[in-house]
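Report on the following structure.
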Amino acid sequence: MSEERAPRLHVPEPELRPGDDPDFSHVEIPRAGAVRRPDPGENPEEMRDLAFSIIRVLNRNGEAVGPWAGSLSDQEMLEGLRHMMTLRAYDARMMTAQRQGKTSFYMQHLGEEAISCSFQKALRKGDMNFPTYRQAGLLIASGYPLVKMMCQVYSNEGDPVRGRQLPVFYSSREHGFFSISGNLATQFVQAVGWAMAAAIKGEHKLSAAWIGDGSTAESDFHGALVFASTYKPPVILNIVNNQWAISTFQGIARGGAGTFAARGHGFGLPALRVDGNDYLAVHAAAQWAVERARRDLGPTLIEYVTYRAAGHSTSDDPAAYRPKEEGNAWPLGDPILRLKTHLIGKGLWSEERHVQAEAEVMDMVIAAQKEAEAIGTLHSGKRPSPRDMFEDVYAEMPPHLVRQRHEVGY
Amino acid sequence: MARMTMIEAIRDAHAVAMERDPDVVVMGEDVGYFGGVFRCTAGLQKTFGVERCFDTPISELGIVGTAVGMAAYGLKPCVEIQFADYMYPAYDQIVSEAARLRYRSAGEFTCPMVVRMPTGGGIFGAQTHSQSPEALFTHVAGLKTVVPSNPQDAKGLLLAAIADPDPVIFLEPKRLYNGPFDGHFDRPSKSWSKHELGEVNPGYYEVPLGKAKVLREGAAVTLITYGTMVHVALAAVEESGVDVEVIDLRTLLPLDLETLVASVNKTGRCIILHEATMTSGYGAEITSLIQAECFYALEAPLLRVAGWDTPYPHAQEWDYFPGPARVKRAIATVMEA
Ligand SMILES: Cc1ncc(C[n+]2csc(CCOP(=O)(O)OP(=O)(O)O)c2C)c(N)n1
């Protein structure tokens with residue numbers, strides 16, 4: 001036996017901190033088209049390699065290549081570009097609105113637009129997402145009205161959740177968007193339960209669970225994997241690895257080894273790792289997982305590799321914990337630019353049309369914002385009544401709440 | 001004396017404790033390099049190294065569960081839960097493990113640790129960044145529960161909590177983090193702009209656990225409160241024109257019942273004010289104790305002023321938050337009785 005040594009606590013550290021030059025050369029990015037596409041029915045044991053590479057479709061020149069290409073029509077890609085542009089414009093306006101004091105808080109998607117916008121297009125009506133706070137693209141891509149989203153952000157009279165929830169905590173059963181909890185990870189396991197219910201009732205529906213890299217450390221995540229692997233219901237377990245959990249780099253949740261996708265292996269789940277900044281790759285992977293669910297082949301775990309280009313929320317300043325230019329150095333590029341380049345290459349789009357579309361999208365978002373603000377913002381205009389505060393605590397208001405409501409004067 | 005915000009006082013308490021005792025270890029989400037989302041631990045990692053102040057995975061269960069093991073080993077972990085609203089995954093470790101270790105092992109293993117967490121509303125945090133869960137802790141045998149209302153107390157109470165041989169739940173009213181509060185939540189600009197700092201003693205000192213503080217002497221009514229509501233109480237009393245005695249509990253468990261009883265025996269009237277939901281809240285405990293101890297001195301029924309029995313809403317914070325108006329009404333009611 002070699003000599004004993006006192007143990008030392010190993011605390012993982014990111015390679016770079018403010019003041020360092022951004023460098024992602026250690027991040028291994030496979031060539032687009034390089035990763036194989038097994039049949040969705042293949043034995044999960046035989047596709048473990050897919051958790052360690054990155055499925056990519058769009059190459060440097062914006063061409064769609066390899067076995068995962070071709071899951072979308074031209075029209076669908078053009079629509080996808082518009083969804084991502086809408087989400088970006090929406091974010092920009094809501095960020096400014098927060099800075100102007102029109103709401104208390106906002107969380108944006110900058111750099112992550114492809115994931116939620118593209119995933120949604122693989123679903124159909126009746127499927128249910130269990131999102132966290134950075135998947136507003138699911139709503140946008142499903143045609144949810146922007147005005148309603150903004151009313152939620154402003155907590156005004158038009159807010160469908162009556163001013164109860166933090167801004168961006170949307171809810172829409174109709175649009176397959178489960179009400180968001182502020183408690184991280186709690187909904188990952190609920191999504192599994194929803195899919196179990198579909199299986200128990202024998203209905204052709206599936207659910208999609210969403211979680212961030214940091215939140216995979218919560219036990220709810222592990223509980224979800226246990227139940228998913230035990231009962232094999234039609235659920236897609238999505239991990240958005242955007243490298244950062246507030247100030248904490250992804251290595252803290254992941255530990256020293258493996259990938260987040262590889263977490264699925266201990267549970268016998270097929271696991272994919274996908275380029276989250278590639279609209280086409282996200283869609284292809286989602287469609288593959290959806291096919292597994294629809295053929296009753298069980299759950300799939302997907303890790304989207306991306307980068308949170310902006311702050312965690314309006315309360316965060318990322319310059320305090322990571323190099324300022326790190327976002328620009330991110331090797332997977334900007335999802336909007338990449339799809340745009342692809343569409344231009346195919347002759348479906350042009351720089352001029354893009355500029356024009358940007359203006360159109362912004363006009364549409366501003367028009368929606370005006371409409372929402374005409375109703376009210378957090379501190380002005382029409383707000384939900386204090387009476388609303390007492391509704392929906394129970395199906396029927398018990399006497400003690402009626403008394404308290406009267407005390408407030410309603 | 002130095003002038004500090006509560007955040008700075010808490011940071012100072014950490015630094016003083018870590019300097020003094022090499023067994024004090026600080027961990028939690030974002031507490032290391034960044035110093036916590038509220039910056040209560042800023043600079044500690046730089047000063048004391050990565051093995052004494054470090055970032056954890058987002059796993060409250062992991063944070064508290066490992067802290068129990070570390071405390072049982074002989075360290076003094078002082079851990080941060082980012083918001084009290086997020087302690088539920090850790091609740092089993094707090095209640096079933098930390099609180100009971102000494103009891104179930106007949107003192108063979110103990111759990112000297114501190115779990116710090118920001119509580120309360122007033123920052124538009126909606127239902128998941130605004131809760132006041134103190135009753136969930138005071139209901140558990142084996143825990144001590146502390147809620148400071150100013151920087152000087154925050155530092156002294158935290159140092160006492162770290163020195164304590166048992167697990168202490170340390171609830172920090174986040175509305176007071178950056179300065180006192182004039183009690184008028186419905187006037188946000190005014191209350192936010194008033195960022196006066198508190199006087200804080202330098203170096204090591206303890207504010208003993210289990211000792212309430214009479215903030216204002218009075219003969220007509222006793223107003224018992226803690227945390228953010230201390231400032232609401234003072235504002236209401238000032239405006240009411242009634243001679244109210246205001247008591248800041250500082251520690252909810254163990255409770256300084258003696259100070260409360262002496263006061264109510266003197267005034268004959270008592271109001272309990274807290275921000276947490278009324279039903280089965282901590283106010284119910286005080287009400288019961290006071291009526292048992294002071295029954296013959298009471299000239300009016302005991303009244304509670306508290307948060308409504310609903311989750312904390314985002315848009316209607318100012319309607320939810322018990323403000324000076326409601327406290328003044330309660331004072332008038334007990335004076336009429
Ligand atoms: C149970 C719980 N603990 C802590 C928090 C506070 N919190 C909110 S977001 C966040 C970071 C989440 O990071 P990640 O899961 O990587 O998602 P990202 O923000 O990067 O999209 C933390 C710690 C919370 N909301 N819930």
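Listed by chain and number, the lysines whose alpha-carbon sits under 27 Å from that of A:K370, ignoring those within fewer than 8 places in the same chain, are A:K102, A:K148, A:K382. Working from Cα pairs under 8 Å separated by at least six residues, relative contact order for chain A is 24 percent. Stokes-Einstein diffusion of the protein assembly as shown at 10 °C, 1.306 mPa s viscosity, Kirkwood radius from Cα pairs, rounded to a whole number: 58 µm²/s. Go through A:A253, A:P270, A:A197 and say which Cα lies farthest out towards the positive end of the charge dipole of chain A; charges sit on Cβ, +1 for Lys and Arg, -1 for Asp and Glu. Looking along the dipole axis, the top candidate is A:A197. Computed over region B:242-337, the convex hull of the alpha-carbon atoms projects to a mean area of 6.4 nm².
Positive end of the dipole of region A:44-378 (Cβ unit charges, origin at the Cα centre): among A:T186, A:G101, A:Y279, the Cα lying farthest that way belongs to A:T186. Listed values for region B:220-237 are Karplus-derived 3J(HN,Hα) couplings in whole Hz (6.51 cos²θ - 1.76 cosθ + 1.60, θ = phi - 60°), namely 9, 9, 9, 10, 9, 7, 6, x, 3, 5, 4, 6, 5, 4, 5, 5, 5, 5, and x replaces Gly and Pro.
Taking label points 7 Å from Cα along the Cα-to-Cβ direction, B:A219 and B:A332 give a separation of 2.4 nm.
Taking 18 Å as the straight-line reach from the Cα of A:K346, the aspartates and glutamates in range (excluding those fewer than 8 positions away in the same chain) are A:E63, A:D74, A:E76, A:E79, A:D278.
Surface exposure of region B:1-80, expressed per residue as accessible area with a 1.4 Å probe, stands at 36 Å². Expressed to the nearest 5 percent, the antiparallel share of DSSP beta bridges inside the protein assembly as shown is 20 percent.
Relative to the longest principal axis of the C-alpha atoms of chain B, give the angle of the C-alpha long axis of helix B:324-336, reported between 0 and 90° and rounded to the nearest 10°. Helix B:324-336 sits at roughly 50 degrees to that axis. Please give the net charge around B:L273, taking every other residue with its beta carbon less than 10 angstrom from that of B:L273, where Lys and Arg add +1 and Asp and Glu add -1. Spelling it out: positives minus negatives among the neighbours equals +1. Computed from Cα atoms alone, the Kirkwood hydrodynamic radius reported for region B:17-61 is 10.4 Å. Put simply, region A:1-121 fits an ellipsoid with semi-axes of 34, 30, 15 Å; these come from the alpha carbon gyration tensor as the roots of five times its eigenvalues, largest first.
Considering only A:M94, A:M84, A:M364, the mean-square fluctuation computed in a Gaussian network model of chain A, springs between alpha carbons under 10 angstrom, is largest for A:M364. Is region B:55-147 best put as rounded, prolate or oblate by its Cα gyration tensor, with a ≥ b ≥ c the root eigenvalues, rounded for a/c under 1.5, and otherwise prolate when a/b is larger than b/c, oblate when not? Because a/c hits 1.5 or more and a/b exceeds b/c, region B:55-147 counts as prolate. Toward the positive end of the charge dipole of the protein assembly as shown, about the Cα centre and with charges on Cβ (Lys, Arg +1; Asp, Glu -1), which of B:A161, B:M87, A:P234 goes farthest? Looking along the dipole axis, the top candidate is A:P234.
Taking 0.36 nm per residue of separation and subtracting the Cα-Cα distance, full extension of the segment from B:E293 to B:K211 would add 27.7 nm.
Other residues with beta-carbon under 14 Å from the beta-carbon of B:A284 carry, at +1 per Lys or Arg and -1 per Asp or Glu, a net charge of -2. The spacing between region A:150-226 and region B:252-271, judged by their C-alpha centroids, is 46 Å.
In this calculation the C-beta distance from A:H10 to B:T47 is compared with R0 = 22 Å, giving a FRET efficiency of 0.60. GNM remark for chain A: springs join alpha carbons under 10 Å apart, and the peak mean-square fluctuation among A:R164, A:R82, A:R48 falls on A:R164.
Report, for region A:211-322, the % of DSSP beta bridges that are antiparallel, rounded to 5. Antiparallel bridges make up about 15 percent of those DSSP assigns within region A:211-322. Distance from the C-alpha centroid of region A:337-410 to that of region B:284-323: 36 Å, rounded to the whole angstrom.
Remark: accessible surface ordering of A:D388, A:D39, A:D213 (largest first) is A:D39, A:D388, A:D213, probe radius 1.4 Å.
Using only atoms on other chains, find how many Cβ atoms lie within 10 Å of each Cβ of peptide B:56-66 and report the average. Don't skip to the end; give the middle numbers.
Working: counts 5, 12, 15, 12, 5, 4, 3, 1, 0, 1, 0.
Rounded to a whole number, the mean comes out at 5.
Net charge near A:R134, counting Lys/Arg +1 and Asp/Glu -1 over other residues with Cβ under 12 Å of its Cβ? Neighbour charge sum, excluding A:R134 itself: -3.
For region B:163-290, the equivalent ellipsoid built from the Cα gyration tensor has semi-axes of 22, 21, 15 Å, listed from largest to smallest. Under the criterion of Cα pairs below 8 Å and six or more residues apart, the relative contact order for region A:228-299 equals 47 percent. Within chain B, the percentage of alpha carbon pairs spaced more than 36 angstrom apart rounds to 17%.
Percent of C-alpha pairs per 5 Å bin in region A:301-410, short distances first: 2, 8, 9, 9, 10, 13, 12, 11, 8, 7, 6, 3, 1, 0.
Between A:T96 and A:H379, the distance separating the two model label sites (each 7 Å from Cα on the Cα→Cβ line) works out to 1.9 nm. Taking chain A as a Gaussian network of alpha-carbon nodes connected by springs under 10 Å, the highest mean-square fluctuation of the residues A:D49, A:D296, A:D21 belongs to A:D21.
For peptide B:318-324, what's the mean number of Cβ atoms from other chains within 10 Å of each residue's Cβ?
2
Here region A:207-270 yields Rg over Rh of 0.96, to two decimals, using C-alpha coordinates and the Kirkwood radius. For region A:126-179, the ratio of Cα radius of gyration to the globular rule of thumb 2.2 N^0.38 Å stands at 1.01. Annotation: B:H274 carries an accessible surface of approximately 0 Å², with a 1.4 Å probe and no ligand, DNA or RNA atoms counted.
How big, in percent, is the set of alpha carbon pairs in region A:44-378 lying more than 29 Å apart? Here the long-distance tail beyond 29 Å is 35 percent of all Cα pairs in region A:44-378.
For region A:44-378, the antiparallel share of DSSP beta bridges with both residues in that region comes to about 15%.
The values are calculated or read from the model by the stated rules, or taken from the named source; none is laboratory data. Computed from a predicted structure; not experimentally measured. Counting neighbours? That spans all protein chains shown, and the Cβs are built from the backbone with ideal geometry, glycine included. Only protein heavy atoms, including side chains, enter the accessible area calculation; ligands, DNA and RNA are left aside. Shrake-Rupley method; radii C 1.70, N 1.55, O 1.52, S 1.80 Å.
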